[in-house]
Every structure is written in C-alpha cells, then in structure tokens.
1. Assess whether residue 266 counts as being modelled with pLDDT of 95 or more, of a type in the set (Gly, Ala, Ser) and surrounded by fewer than 22 Cβ atoms within 10 Å (Cβ to Cβ).
2. Provide a single number: the residues in region 488-506 that are open to solvent by 20 Å² or more (accessible area, probe 1.4 Å) and either aliphatic (A, V, I, L, M) or in contact (Cβ under 8 Å) with a residue 40 or more places away in the chain (or both).
3. Does residue 644 satisfy the criteria of being touching a strand residue (DSSP E or B) at 6+ places or on another chain (Cβ under 9 Å), loosely packed, with under 10 Cβ neighbours inside 10 Å, touching a residue at least 24 places away in the same chain (Cβ under 8 Å) and assigned to a loop (DSSP other than H, G, I, E, B)?
4. Restricting to region 427-438, count the residues that are surrounded by 24 or more Cβ atoms within 10 Å (Cβ to Cβ) and farther than 12 Å from residue 470 by Cβ.
5. One residue is enough: does region 401-410 have a residue meeting the conditions within 22 Å of residue 335 (Cβ to Cβ), surrounded by fewer than 22 Cβ atoms within 10 Å (Cβ to Cβ) and in contact (Cβ under 8 Å) with a residue 60 or more places away in the chain?
6. I'd like to check something: does region 372-392 contain any residue that is open to solvent by 20 Å² or more (accessible area, probe 1.4 Å), among the β-branched types (Val, Ile, Thr), at pLDDT below 95 and not in a helix (DSSP H, G or I)?
7. What is the residue count in region 566-602 for residues that are within 29 Å of residue 503 (Cα to Cα) and either open to solvent by 60 Å² or more (accessible area, probe 1.4 Å) or under 33 Å from the mean Cα position of the chain (by Cα) (or both)?
8. Taking the condition of being part of a helix (DSSP H, G or I) and either in contact with a helix residue (DSSP H, G or I) (Cβ under 8 Å, 6 or more places away or on another chain) or surrounded by fewer than 14 Cβ atoms within 10 Å (Cβ to Cβ) (or both), how many residues in region 507-523 meet it?
Amino acid sequence: TDTDTDTENTKSYPWRQKDTLPLVSGWKEVAVTPFSIMTTTTTQNGTTTTTNTNTTTTTKTPPNRHKKKEVENGVIGMADDEVGDCHEVFRSWMKKVLFQIVIQSGHGSNSSSSLQKNGGKKRIVDDDGDGVSSTCCQKDGKNAKEDEGGCACNNSGSKMEEAKESTMDVQACQSGTCNHDHNEQEGHDGNDDDDDDDDDDDHSYDSYDDDDYDEEQEEKTEPELMDLEDMGNAITNTTTTNTNNKTREVKEMVTPKQAAALKKEGYKLIGTHSAVKLCRWTKHQLRGRGGCYKHTFYGITSYQCMEATPSLACANKCVFCWRHHKNPVGREWRWKTDDPNMIVEQAINTHVQMIKETKGIPGVQTDRWIEAHTVRHCALSLVGEPIMYPRIDELLADLHRRSISTFLVTNGQHPDAITSLRPITQLYVSVDAPTPESLVAIDRPLFRDAWDRLRISLHGLKEKGQRTVARLTVVKGWNSDEVEGYAKLIALGHCSLVEVKGVTFCGKSDASNLNMSNTPWHHEVVALTQKLQKELEKIRLDQIAAAAASKENNDENKQKSILPEYGLACEHRHSCSVLLARKDQFSTMDPVTGKTKWRTWIDYDKFDKLASQYAADPENFRFGVEDYAADTPEWALFGAEEEGFDPTDRRYRKKNKHPKYTGFDQEGVPLKDHDGKPIDEMERSRLRNLMDLKKREVGDGATVITSAGGEKTVNDASNMFRGLVVTK
C-alpha cells in the first residue's frame, strides 16, 4: 500500500486501518479505499488511476487481467479489484442497501442539499431552492472542499452527506458529471411496509403517506428492505427484479412475524391474507349468557355468527383498534390474491372446528351447540379492511349462495369499492371523528385525503338501496365532543341506521394510548346519542325551511335531499350501545294498539330469496330496506326494563359481583342500592358530600389531562360511585 496515500486517508477516515496484509506471490499492491466515493477512473497500459476527494490511488494489475470477470446468471462476483468488478459491486451495494439506510434513518441534516417536492415527485435541489443542477464533481479538489454546496464527491467533512448524496447518482459521480437535477429520486414510504409491529404510537397525518408518492414507480425501481445482517447477501441475492427489469414477484401479505403474533391472539389464518376468530359473544350465547348487540338490534343468532376478514391489511391505525396493530397496513392491494371460494370454504370449516372445541366448556347448551355448526351470519369486521380485497364481491356472492347474511364494516377510505359493492345485508361505514383534525388523531390514516375519502364514502351510501349504517365509536377525551360534526357527516349519506357504541378497552399496548378512563359508561353513550338525535333533527328542519323558501320546493329531487327523521330505537347496555333508526324505513303504526312499532330486525330468510333473485338478474332486479325488515321485540327497544338483554338468557356476573348502586340522579349521586331499594336521605347526603369533595379535587364535570406521551386521562367526579360493586 502507498504509505503517503494511506496516511492522508487515515486523517479523513479514522477507522481506516494502516496495517497491510502480506502479499501473495505474483500479485501487485492494491490500494483499497472503503466507503470513499470514487469520482473518476481511467485505465491506461495496465494501470488504473482512481481519483476522489481525498487522494489519488494508483493500482497496477497483472497483464491480461483488465477484462471484467464473467457474471454468472447476472449476479456480480466477490468484489475483486484485480478482475475489475470492484466498482460494480460497490454501485450495486450502494443502490440496494445504502439508499435504504439513509432514507430510513432520517439523518443527513448537515447536507447542503434538501429534498423538495416538485412535479409530483421528490427531487434534489441546491440550498437556494432554485433547482439549478450542479456539476461539482468537475471541480478540482481544492475548490470542491471550499464549496459547501458541492456534492458528496468533493465533501469529505460529512460521511452521512457523502453517503446520502452518493445514492442519488453514484454513476454520475464516477463519470464526473454529478448533476443533481437530472435524477429525480422517489422518496421511500416506510409505512407501506407490511410489518408494522415495530411502529410506535405517535404517527401523524403526514407520517403515513405523501400525495406525491408514486407507489407503482417504487415497485419498479426501489430495492427491497432488508435487515442489517443481510447486507452482504444483497450483492448475490436478487429477489425483486432481474437484469431485464421483469415484474417484481408478488409477495404474500402476512410475514412470519405477523402470523406468529396473530396466531398468539387466537386468529386462525386462512390462505395468505384472511382470518377467522371465535367471538366471545358466540361463546356467551352458547352458554345462555346473552347475545351481542347485533342480536338485540337486528335479531342475529350470535352462536351462528362467524367473525372473519378477507383482508388483514388496513389503511388506518386507529388508536382504539382492539387488535393492537398486529396486522399489516397499506393503502392499496399489492399482495398475492387468494380465491374467494377457497376463503369462504376454509373459513367456515375452521369456524365450525372451533365450535366443536367449545363442547367441553361448562354451561354450553347442547341444542345451541348443534345449531352453531351451521353458519347463518358473517361479520366481516374481524380486523383489517375487508373491502380492500379485490375479489370482495365474489366472496359476498358465495356467502349469499350459502344462505349466510353479510355485515361488512369499512372505514370509508375506499369510496369506489363501496359504490361498486353488490347489495349485502348491512353495510357499515365507521365515522370515528367529527372533524378532519380529530380524524387524523384517532384513525391515524395512511391516506392524506382521508377526510375527503370518508365524506365521499358517506355520500355514496345515499345511493344504496339496502341497509346502511354509520357507526360511531365513542372514545372519551378523544372524539366525544363536537356532536354537530357527526350529524353533518351522517346527513351526507342519509344512513338507514346510526350505531353509537362506547369503545372497548382491551388493555395497554405499545400501539395505543388509551386507558380505562377513555371508555364511556352506558348513560354517557345514551346522552351523546340523544344529543346527536337533536342535531340531526335541527339539520332536517333547516333543510325543510330552505326547501320551502326555494322556488324548486316541489321538485321531487329536492324533497329526496331532505334528511329523514331519526328516532331512538334500541339499546344494549351490556356493550354500551344505542341505535338510531330512520322512522320512514323502520317505524310503523301498530293497527291493533295504535302505537309506534319499530322494525329494525331482519327477516333473514326473506333476504336470502332477495339476494338470490339479484344474483340471477343483477341488471334489473332491485330491492330495498323495507323488503326484509322484521318487528323488533319489546325487550330490545330503547327504554325497556331489560335494557337490551334477551330475557331467554341469564345475566352472568363474574364472582357474583353486582353493582353497589343501581340508580342515580342527574349529578351521579346514588338513589338505589344493589337490591334496587331507595337510599335514605341521610345516606344520600353523605354520598353527596363525598362527591363535592371529589369535585373540588378534580373539577366540576369531565376534565382531560394529556400526558407527554399523548395519553389522555379523563377525571369525572359524577362517575365516582358507578364502578363500585358488592358480592352477593
């Protein structure tokens, strides 16, 4: 090794070793310059001269060894400079590995260049932002060091700057024309990666997506992410494209790590992107302990309901997601696609097998257990975004052919898929926030235009002829205010039904900032629903007044645009849920009693016939909400004594624990004891004094304390007596 050269390089790169290996007989001395950016290379008469920022190194090679070594199967060799492939290996390594490291690390703040958006892509411009290209590699070494705006080829003061800019155009630097403007590099969106287990919670609106992001271009040009220990394999392994730029091989959605995490939580994976899981309400009703809110609101048989999804991936990372984000994320489908009939067949078989395994659970009723072997309902709401699955329509058709009703929940981020969806039993759109800002904070969407997508999706529900639902998940301290905003969103779609449900707290996790105080009590959900009903009625009356003042008030289309009237139809205290329903679709006058009667339940046999007729003639056959409605039983109605609990079942309480107080006044002071007996005035006065002390401590009304990590704790003195229990 040239001693003078190596001494100079050691000053710039302290990690460079000065010791040399013993030379093999017959070989010449070769100067190795790791991590340096080589700018010009010339070969003449068997001598290769390489020039970079720090030094000029002369390498002599044996005669007749200038010719590049043959590359077998398009894979570069072992970086032997004697045979001339060192530079190619370095460029290949740079493209496949270093680019990903720089982009993912977010370093390089000292770099004189910056990433700016231009023309729908990300490009490199100089400090003054004028986008003027630079040919700094053509400068001499002295001037290049003085010019802080120079490219990585001439700037040895920052290793990260050198690495970052070199990835933008290694070839240009080596050819002596480092032109920043000609190579418009695509930015890498790391959040489109399948494996989101390691994502933290403080994702913002902009952290998931970029309108200028060209995902298709990334698929064609960018290398695949790899672990640090796999860097060496990047040189010899080609998993994305070959030398002829053939199409990237389609990947499976779920990684082994994600599959292990999902299986640990009880998911049964189907194919490469689907799953089923046994719902706790299925097991509850098998034991005669009550059904879910869908049983109360719509008459499904909970122990005959299969909870499934054809897509484990989702475009949101909601803070209240009860799956703790073990599933993949993505904006569009880019994975292998399984056959829909295979998914349905295997999902049913897997579900039935799980039903068989419940036979040994204490309390399982034999007659219900036998009936549970026949699936009658499918809740496509397990995890992920089912409507992302490209063949969702075929999957729904297969379920209908098997006389299985379909309840599909979507987050409203794929409006086109909602519009083209075939008629199903009931279509849900999640309305998780009343404003664009709160939607970003709660849903943490990948789409930058998530709010617009939600509004378009809701508006599209108006054209659906079947039952549509706006589903609100109430999270105290996060989205329980601004009820007027919810009303405006619901008014866009004239939704048939509005479900208002308190969030279910599923424990602490690194993927969520929620705590138990964010779960509302049933009376709080009722109060919010009543307020929402009033806001909807206000909008309706305003529209009627506007139509009356308009010259086109007799126009039929104008009348159809008026928001229908909603009423409080059902409640399910067991899951803190309340149902609003359109009176024009679900409310009728009972000719016998003369009272209003609700018809929110579903005639599932009638729907099977209607779905079959539609499948036979999809172009001409149409049916509506009223065509398969059924009477709602008295015990399921809002305000009933049973509070939505089916009287044919028996309420189960863990460890025989019962509420200490069963009645409260408007301020939250107890009125009745655990047996339902009135509390005497002296005891009530004592309890009221305790509440006054609590109010002086935490404030009057609900107060929200936000921690540095984003966790929101709600303190409300009016609820201090509601969680107390007694054993009897």
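1. Numbers: modelled with pLDDT of 95 or more: no; of a type in the set (Gly, Ala, Ser): yes; surrounded by fewer than 22 Cβ atoms within 10 Å (Cβ to Cβ): yes.
In short, no.
2. 5
3. no
4. Here the count works out to 1.
5. yes
6. no
7. Residues of region 566-602 that are within 29 Å of residue 503 (Cα to Cα), as a first pass: 566-583, 585-587, 598-602.
Checking which are either open to solvent by 60 Å² or more (accessible area, probe 1.4 Å) or under 33 Å from the mean Cα position of the chain (by Cα) (or both) leaves us with 566-583, 599-602.
Number of matching residues: 22.
8. Number of matching residues: 2.
The values are calculated or read from the model by the stated rules, or taken from the named source; none is laboratory data. Predicted model, so just to flag it, every value in this text is computed and none were measured. With ideal geometry, Cβ positions are generated from the backbone for all residues, glycine too; neighbour counts draw on all protein chains shown. Side chains are part of the model used for accessible areas, which takes the heavy atoms of the whole protein and leaves out ligands, DNA and RNA. Shrake-Rupley method; radii C 1.70, N 1.55, O 1.52, S 1.80 Å.
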